[in-house]
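What follows is a set of notes on a single structure, which appears directly below.
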Amino acid sequence: MELTDDIMYEASVRKDSSFEGVFFTAVKTTGIFCRPTCTARKPKRENVEFFTNSKDAVLKGYRPCKVCFPLEKLNETPDFIKEILRELSEDPSLKFKDYDLVKRGIEPSKMRRWFLKNHGITFQAYQRMFRINTAFKKIKEGESITTTAFDSGYESLSGFNDSFKSVFGVSPKNSKTQNIIDLKRIETPLGTMFACAVKEGICLLEFTDRKMLETEFKTLAKALNASIIQGENEHFSVLELQLNEYFKGKRKTFSVPVFSPGTDFQNQVWKALIEIPYGEVRSYKEQSDAIKKPEAVRAVANANGMNKISILIPCHRVIGSNGELTGYGGGLWRKQWLLELEKKNL
């Protein structure tokens, strides 16, 4: 389908996130250019023109919008927040209060809004959950509850017990049967992703603007009988390193462990996806033939759509039988980008 001006204008009116990265809308009357999803008031059709990249918009004299920040990576974590998250990762007992943020030149309300938008909780709640996550792991490893409580920065054992129970629904001493899934934001050239991991490996890797993300979180938590909590995991550092190499065109296969809870059929389909060579594509029909179930084309397509581990399980390498790109949870523009990356570095 040809990307016409009419299609782009309608997409910008709808604030359609699937067109993020595909085009930018420039407003002739204000001299400003925006993302398709910008929340600012939409201009009249005759007052806009479109660009497929931000560089052309800037060269034409347009200024980036201060509402949607089109020059920034989509949903990227600001540097000042990255630094605080790094410090928390190194010492989960730290407690950043509003006063501490102000001393760093950070407006507490700005911090609150960012965490509410990107994590669904306030910064203070994030810190509490991060501490509880770390404490949970220490207790699982056999450390005493009292030592863990005070090492985690709690001033009383009762306060620790209350916080623990509010997150996990059980007291620390009854938590041996509980499970957790670690969650982390990861920056990529295509926008920010959420990664989830358990002891066995990476169990979710999705772009943060994926429409079905909340449903995927609930499905994953239910499948593993676990709570999803922000925290560090041994697999995250390997994942970030290998993703960085992949996006630079220097890695064609991944060795970071993956753990994909699903039905036997789904795992059969996902295994076949991993076996598609880098830089190549397959149709759904070819995928159904590969698993020796030629009549299961529709079921294979559904299983592809249920894949929660983007890129590592490369569902972007499956296209329509007519050669056209078909649905992709991260948006067709990302699918196109990934295929072009692999083709270029083949």
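A few points about this structure:
- Criterion violated by residue 66 - all others in (1) part of a strand (DSSP E or B); (2) open to solvent by 40 Å² or more (accessible area, probe 1.4 Å) satisfied: (1)
- Matching option when the condition is among the polar types (S, T, N, Q), touching a strand residue (DSSP E or B) at 6+ places or on another chain (Cβ under 8 Å) and open to solvent by less than 70 Å² (accessible area, probe 1.4 Å), among 321, 310, 288: 310
- Just so you know, in the range 214-239 the residues that are touching a residue at least 24 places away in the same chain (Cβ under 8 Å), assigned to a helix (DSSP H, G or I) and surrounded by 17 or more Cβ atoms within 10 Å (Cβ to Cβ) include one that is farthest from the chain's Cα centre (by Cα), and it is 224.
- Number of positions in the range 327-344 that are over 18 Å from the mean Cα position of the chain (by Cα) and open to solvent by less than 40 Å² (accessible area, probe 1.4 Å): 3
Yes or no, residue by residue, for (1) farther than 29 Å from residue 234 by Cβ; (2) in contact with a Lys or Arg (Cβ under 9 Å, 6 or more places away or on another chain):
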{"site": "249", "(1), (2)": "no, yes"}
{"site": "254", "(1), (2)": "no, no"}
{"site": "257", "(1), (2)": "no, no"}
{"site": "263", "(1), (2)": "no, no"}
{"site": "293", "(1), (2)": "yes, no"}
{"site": "311", "(1), (2)": "no, no"}
{"site": "317", "(1), (2)": "no, yes"}
{"site": "321", "(1), (2)": "yes, yes"}
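- Taking each residue of the range 308-336 that is on the phi < 0 side of the Ramachandran plot and among the polar types (S, T, N, Q) and looking for partners that are surrounded by fewer than 22 Cβ atoms within 10 Å (Cβ to Cβ) and part of a loop (DSSP other than H, G, I, E, B) with beta-carbon atoms closer than 6 Å, six or more apart or interchain, yields 326/320.
- Search result, residues across the range 39-63 that are open to solvent by less than 90 Å² (accessible area, probe 1.4 Å), modelled with pLDDT of 90 or more and not aromatic (Phe, Trp, Tyr): 45, 47, 48, 49
- Exactly one residue among 72, 76 is closer than 30 Å to residue 27 by Cα and either without any contact (Cβ under 8 Å) to a residue 24 or more places away in the chain or in contact with a Leu (Cβ under 8 Å, 6 or more places away or on another chain) (or both), and that residue is 72.
Matching residues to (1) under 29 Å from residue 181 (Cβ atoms); (2) under 23 Å from the mean Cα position of the chain (by Cα):
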site: 252; (1), (2): yes, yes
site: 259; (1), (2): yes, yes
site: 272; (1), (2): yes, no
site: 280; (1), (2): no, no
site: 290; (1), (2): no, no
site: 300; (1), (2): yes, no
site: 303; (1), (2): yes, yes
site: 320; (1), (2): no, no
site: 346; (1), (2): no, no
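- Scanning the range 303-333 for residues that are polar (S, T, N, Q) and in contact with a Ser or Thr (Cβ under 6 Å, 6 or more places away or on another chain) gives a single hit, 321.
- Selection count, the range 167-210, where residues are part of a strand (DSSP E or B) and open to solvent by 40 Å² or more (accessible area, probe 1.4 Å): 2
- When the range 127-153 is filtered for residues that are assigned to a loop (DSSP other than H, G, I, E, B) and touching a residue at least 24 places away in the same chain (Cβ under 8 Å), the ones remaining, listed by number, are 152, 153.
- Matching entry among 288, 255 (being of a type in the set (Ser, Thr, Tyr), part of a helix (DSSP H, G or I) and more than 29 Å from residue 19 (Cβ to Cβ)): 288
- Residue in the range 105-115 that is within 16 Å of residue 183 (Cα to Cα) and without any contact (Cβ under 8 Å) to a residue 40 or more places away in the chain present: yes
- Count - residues of the range 12-38 that are buried (at least 18 other Cβ atoms within 10 Å of the Cβ), modelled with pLDDT of 90 or more and not in a loop (DSSP other than H, G, I, E, B): 8
- Conditions (1) open to solvent by 30 Å² or more (accessible area, probe 1.4 Å); (2) more than 21 Å from residue 221 (Cβ to Cβ); (3) within 29 Å of the chain's Cα centre (by Cα): number failed by residue 120: (2)
- Scanning the range 39-63 for residues that are aromatic (Phe, Trp, Tyr) and in a strand (DSSP E or B) yields 50, 51.
- For the range 258-285, a residue qualifies if it is open to solvent by less than 50 Å² (accessible area, probe 1.4 Å) and assigned to a strand (DSSP E or B), and exactly one does: 283.
The values are calculated or read from the model by the stated rules, or taken from the named source; none is laboratory data. Not measured: the values here are computed from a predicted model. Here the Cβ is made from the backbone with ideal geometry for all residues, glycine too, and neighbour counts use every protein chain on show. Accessible surface is based on the protein model in full, side chains and every heavy atom, while ligands, DNA and RNA are left aside. Shrake-Rupley method; radii C 1.70, N 1.55, O 1.52, S 1.80 Å.
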